[in-house]
Amino acid sequence: MELKEFQQNFGTQYPPKEFVYLHAFQKEMPEYAQGFYLLADDKSGLKSWSEDPAFLDQLMPFAQANASGSFYALWDEGTDKELNEMPVIVFGDEGGIHVVAENILQLMRLLTYDTEIYVDHTRTYFYRDGEEEASEYGDSYREWLKEHFMQDPVEDPARIIETAQQKYKSSFDNWIKPFFNEDLSDDEPLNGHPVASATGGQHFDIISFTADSKQYYPASMKRQNWMDDSHVKHTDITIAPGQSRYGGPVIDLPPGITMPENMRFAAQLDLSRFSPFDKTGLLPKTGQLLFFSDIVSDTGKVIYADVPNDQLVRVIKEHDDNFFTGVLIDRIFADTETMEERFRDPEDESEEEEANDEGKIWDYFAGTDKSKIFGIFTHCQASEEEIAAITFSDKLLLLQVGENGFNDEGVFSVLIAKTDLENRNFDHCVFAWGQS
């Protein structure tokens, strides 16, 4: 891309010196920040958000923000600012529009963090998990930025974003709101992910389920001191073929299917009872999903078979370790949840210092008392950034069994890529046990 092509992003104005210098650096050393690249942009991506001329005239896309399709744009707020003084906005590939930097130079500092930006419906952030490969010319870029603009590498990207949002978020949200309210405010979630209005509201459509009042244990096991009247032997409870359940020694296998080796039976779902509450349309309408797992190693296997319940073959596998008790699934219903539910009020002064703009802090244990399909990933050892990174990724929550009558302390979860669920491919599911 030549500078003349890039210049067209800004209409009749010449690119600011920051971009002129960065364009020259990029031509020599193209891989300097993960996911970022200056581009000549015809606003076709921007038009997918709105074709209102007032919207298009005041936004100038200039760069790819990550590998999945997010992009950066300058926002002309109408106060006669020079291009290099305008705030930088990020448009997320799956939704979410946020102020990310006060100006171009602050964005260039963010690039020194050398990791892709995450953009979800409520926030945008940079997160490292320690496994990213450094960009080939990342060190050279940091030296170049220091030499030409006297800017040090950033150690806390959140501070730059927070400062920019304190300055511009309110005015930007008010400006953009008329372009989206009518189109987005009442939309249904797409493919198991939430829909957000321009003001950041969101919800997830999920399928919730509750536990039966009885728990059953292997008949060969002696009754334990901790058991109460709700615990019965598996031979003393009626379980219909294919009836949805969690754990225990009673398994209804499809004909010709055997138990996976070195795993325990974790769950069985009768999809004909779940699919009527599926607003995404992604679940199979009929058939059985069976889950087997070794929670010590977070591994497992999911089997799908579309066979009538009366053709299933009952197998009894009694044992006394993980998943040895069973619980029937009682009520199944459509439900919703929001990311806001994952935050709570601070309990002391130290927590108040960590509170967000709404005066809330992240609640590591929120969501553990819910069993569901789809929605927000739950793991009490995971941070807000880690939960968001999974929840807004290409993976969907195929199953979560929580502490609402199923588990005493812990959450069992299974994730699946959206394309795999669409293609009925359950071979690559990811298993997780969050011990609370």
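Under a 10 Å cutoff between Cα atoms, tell me which one of ALA54, ALA417, ALA211 has the largest fluctuation in the Gaussian network model of the chain.
ALA54
With an 8 Å Cα cut-off and a minimum separation of 6 or more residues, compute the relative contact order for segment 237-330 in percent.
In percent, rounded to a whole number, it is 41.
If contacts are Cα pairs under 8 angstrom and at least 6 residues apart, what is the relative contact order of segment 330-411 in percent?
Dividing the mean separation by the residue count of segment 330-411 yields 25 percent.
Just check segment 205-273 against the gyration tensor rule for me: Cα atoms, a ≥ b ≥ c as the square roots of the eigenvalues, rounded for a/c under 1.5, and otherwise prolate or oblate depending on whether a/b exceeds b/c.
Oblate, because a/c is 1.5 or more while a/b does not exceed b/c.
Rg to Rh for segment 320-436: what is it, with Cα atoms only and Rh by Kirkwood?
Radius of gyration relative to Kirkwood radius: 1.01.
Order the following by accessible area, largest value first: SER213, SER436, SER135. Probe radius 1.4 Å; ligands, DNA and RNA are ignored.
Heavy-atom accessible area, descending, gives SER213, SER436, SER135.
Each residue of segment 274-285 in order: what ³J(HN,Hα) in whole Hz does its phi give by Karplus 6.51 cos²θ - 1.76 cosθ + 1.60, θ = phi - 60°, with x for Gly and Pro?
8, 4, x, 9, 8, 7, 7, x, 8, 6, x, 6
Apply the Debye scattering formula to segment 346-404, with a single equal point scatterer on each alpha-carbon and no solvent, then give log10 I(q)/I(0) at q = 0.12, 0.27 Å⁻¹.
The computed values of log10 I(q)/I(0) come out as -0.35, -1.11.
In the full protein assembly as shown, how much of TRP75 is accessible to a 1.4 Å probe, in Å² to the nearest 10?
Around 10 Å² of this residue is reachable by solvent.
So what is the accessible area of the chain per residue, in Å², with the probe set to 1.4 Å?
47
Probe radius 1.4 Å, ligands and nucleic acids ignored: give me the carbon and sulfur share of the accessible area of the chain as a rounded percent.
Ligands and nucleic acids excluded, carbon and sulfur reach 44 percent.
List the relative contact order of the chain as a percent without decimals, with contacts defined as Cα pairs under 8 Å and 6+ residues apart.
With pairs under 8 Å counted, the relative contact order is 11 percent.
Ignoring everything but the protein chains, give the 1.4 Å probe accessible area of ASP321 in square angstrom, nearest 10.
70
Find the percent of Cα-Cα distances in the chain that exceed 38 Å, and round it to a whole number.
Everything past 38 Å amounts to 35 percent.
Please give the solvent-accessible surface of LYS146 in Å², to the nearest 10, using a probe radius of 1.4 Å with every protein chain present.
80
Rule-of-thumb check for segment 10-77: C-alpha Rg over 2.2 N^0.38 Å?
Segment 10-77 yields a ratio of 1.17.
For the chain, with a Gaussian network of springs between Cα atoms less than 10 Å apart, report the residue from LEU22, LEU283, LEU397 with the top mean-square fluctuation.
Maximum among the listed residues: LEU22.
If you fit an axis through the alpha-carbon atoms of helix 138-149 and take the longest principal axis of the Cα set of the chain, what angle between them do you get, 0 to 90°, nearest 10?
30
So which of LYS317/LYS370; LYS233/LYS317; LYS17/LYS146; LYS279/LYS372 end up more than 18 Å apart, counting from Cα to Cα?
LYS317/LYS370, as the Cα separations exceed 18 Å there.
Using a 10 angstrom cutoff on alpha carbons, build the Gaussian network for the chain and name the most mobile of SER275, SER70, SER48.
In the Gaussian network model the winner is SER48.
Using the Kirkwood radius over C-alpha pairs as Rh, can you work out the diffusion coefficient of segment 33-185 via Stokes-Einstein at 25 °C, viscosity 0.890 mPa s, in µm² per second?
My calculation gives 154 µm²/s for D.
Taking θ = phi - 60°, what integer Hz values does the Karplus form 6.51 cos²θ - 1.76 cosθ + 1.60 yield along segment 117-125, in sequence order, with x for Gly and Pro?
Each residue's phi maps through the Karplus curve to give 7, 9, 10, 10, 7, 10, 7, 10, 6 Hz.
Classify segment 90-175 as rounded, prolate or oblate, taking a ≥ b ≥ c as the square roots of the eigenvalues of its Cα gyration tensor: rounded when a/c is under 1.5, otherwise prolate if a/b is larger than b/c and oblate if not.
Oblate.
Classify segment 385-436 as rounded, prolate or oblate from the Cα gyration tensor: take a ≥ b ≥ c as the square roots of its eigenvalues, call it rounded if a/c is under 1.5, otherwise prolate when a/b beats b/c and oblate if not.
Oblate.
Given a cut-off of 23 Å, name the pairs among LYS301/LYS395; LYS47/LYS177; LYS4/LYS167; LYS4/LYS43 whose C-alpha atoms lie farther apart than that in the structure shown.
Long pairs (Cα-Cα over 23 Å): LYS4/LYS167.
The values are calculated or read from the model by the stated rules, or taken from the named source; none is laboratory data. Model, not experiment: these values are computed from the prediction. Keep in mind that these areas ignore ligands, DNA and RNA; they rest on the heavy atoms of the full protein, side chains included. Shrake-Rupley method; radii C 1.70, N 1.55, O 1.52, S 1.80 Å.
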